[in-house]
Structures are given as structure tokens and as C-alpha cells.
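Everything on this sheet refers to the single structure shown next.
What follows draws every value from the coordinates through simple rules; no lab data is involved. Treat the numbers as computed from the prediction; the structure is a model and nothing was measured. Quick reminder, even Gly has a Cβ in these numbers, built from the backbone with ideal geometry, and neighbours come from all protein chains shown.
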Amino acid sequence: MTNLLVEDIDPALVPEKFKNPDTGAVRMDALIKSYGELEKKMSAGPQAPESPEEYCIECGHGMFEPDAEINQRLHAKGMSQAQVQEVYDLAAEKMIPMLKELSNDMDADREVEKLIAHFGGAEKWTQVSRQLLAFGQRNLPADVLENLSSSYDGVLALHKMMQSDEPTLKKEASNPNSMDMNELQSLMRDPKYWRDKDPATVGKVTEGFEKAYGGK
């Protein structure tokens, strides 16, 4: 490839700012300077906006909002819009599951406190919980037992089943608002329940047990 000379450049293709205003000739010094600035800018990577207030951060998850102080610190590091958005996205990716897990743990602790109070103390609850686990493992599908064990009302329904003479599906529901036992059995024979473990179907089965034995 031969070197490009000034004579080889078509003036019609060159912007006016790179031409001599008097003669219309191409100014190579201006072209070279502009190219150098462009190369420097491209090698420097993404640029930060002029002020941190110009960052436009998307927080559609609703768990937290952009923070002005954080934006100022990120801007001081010269971070671009895309880089700052990535920081917020990574924070959401890591923090949201942690916050949800913490919330679930707090809810579980409150449910246990209610059960301890209901059964007359921690020692009594420990005894009852072991009995309920053994009973549930003998008489209930694992997913239904897990769902019932995860809430205060579910545990009370499980306790009522254990106290019944003929527990689980063999006993007709005493609650008029409960699901008919034939209907509940039919639901448990549905492939969406036993094969696919469809959460909605499992939830209906669990709700059927709760209503049948929980007095709802």
C-alpha cells in the first residue's frame, strides 16, 4: 500500500474545517491533529459524563434506587454510564437473593415463635415437631409435607391430621369449605402433580389438606 499524499485527497470529500479558508487546500496538519485526538479518545475507552447527575440508572427491580453519594464516588473514578449501570446491576444480582433469603428467614423465625407459644414452650414444641415429622413422612407426599411444614397454619393442620383416628385422605373433611376428598385424590393423580411437580398444582393439594384439617 502506497503512502497517501495531499495531492491524492479529493478536496470534495474533506470537511471544510480541514481546508484552508483562502485557498480551499486540504490542511494536513489539522487532519493529523484530529486523527490523534480521535485515537486518544478511542484508546481511553468510555468516558464519564460531565457530572454524576447525568447518570441515568435503571433500577426496574424496585428493591433500591440510585444513590447520589455512590454516583459521585463512581463519577470521581471516571466511570461511564455503562460502567455505573453495570455496578448497580451486579449489586442487584447479588443483593436481591440475599435480601429475599433474609426476609424468608425472618418470616420462618416468626412462625416458629408462634408455634412455640401455641404448643406451650420450646421443649414441648421440640417433641411435637418430631412427632409431626415422623407422621408426615409416613402418611403424606414429600412435597405436601414440605409445604405444610413451612407455615404456622400448615403445621396446625398437620397436627390435626395426626390427632385424627383415620388421618390423611381416608378421613372425610369436617370443614364444609374444604375441597372434596375425591377431588383432592383426583388432583393428586394428575401428572402435573406427581410427575411434573407443577407448583400451582402442588399448592392446590397443600391448600386442600390445610382446609380439610386446619379449620379454615
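Go through region 27-115 and name the trypsin sites (Lys or Arg not before Pro) that are in a DSSP coil and have 13 or fewer other Cβ atoms within 10 Å of their Cβ.
Lys77
Go through region 13-112 and name the GluC sites (Glu not before Pro) that are in a DSSP coil and have 15 or fewer other Cβ atoms within 10 Å of their Cβ. Working shown, then result.
Values: sites: Glu16, Glu37, Glu39, Glu50, Glu53, Glu54, Glu58, Glu69, Glu86, Glu93, Glu101, Glu111; in loops: Glu50, Glu58.
Those that pass, being in a loop and sparsely packed, are Glu50, Glu58.
Counting other beta carbons within 10 Å of each Cβ, put Leu13, Leu132, Leu38, Leu158 in order, fewest first.
With the fewest neighbours first, Leu13, Leu132, Leu38, Leu158 line up as Leu13, Leu38, Leu132, Leu158.
Using the number of other C-beta atoms within 10 angstrom as an exposure proxy, rank Thr206, Thr126, Thr201 with the fewest first.
Least to most surrounded, the residues fall as Thr126, Thr201, Thr206.
If each of Lys114 and Asp198 carries a label point 7 Å out from its Cα toward its Cβ, how far apart are those two points in nm?
Output for this residue pair reads 2.9 nm.
Given points 7 Å out from each Cα along the Cα-Cβ axis, report the Glu37 to Lys17 separation in nanometres with one decimal.
Between Glu37 and Lys17, the simple spin-label model gives 0.6 nm.
Label Glu86 and Glu65 with points 7 Å out from Cα along Cα→Cβ: what is the distance between them in nm?
If labels sit at Glu86 and Glu65, their model points lie 2.7 nm apart.
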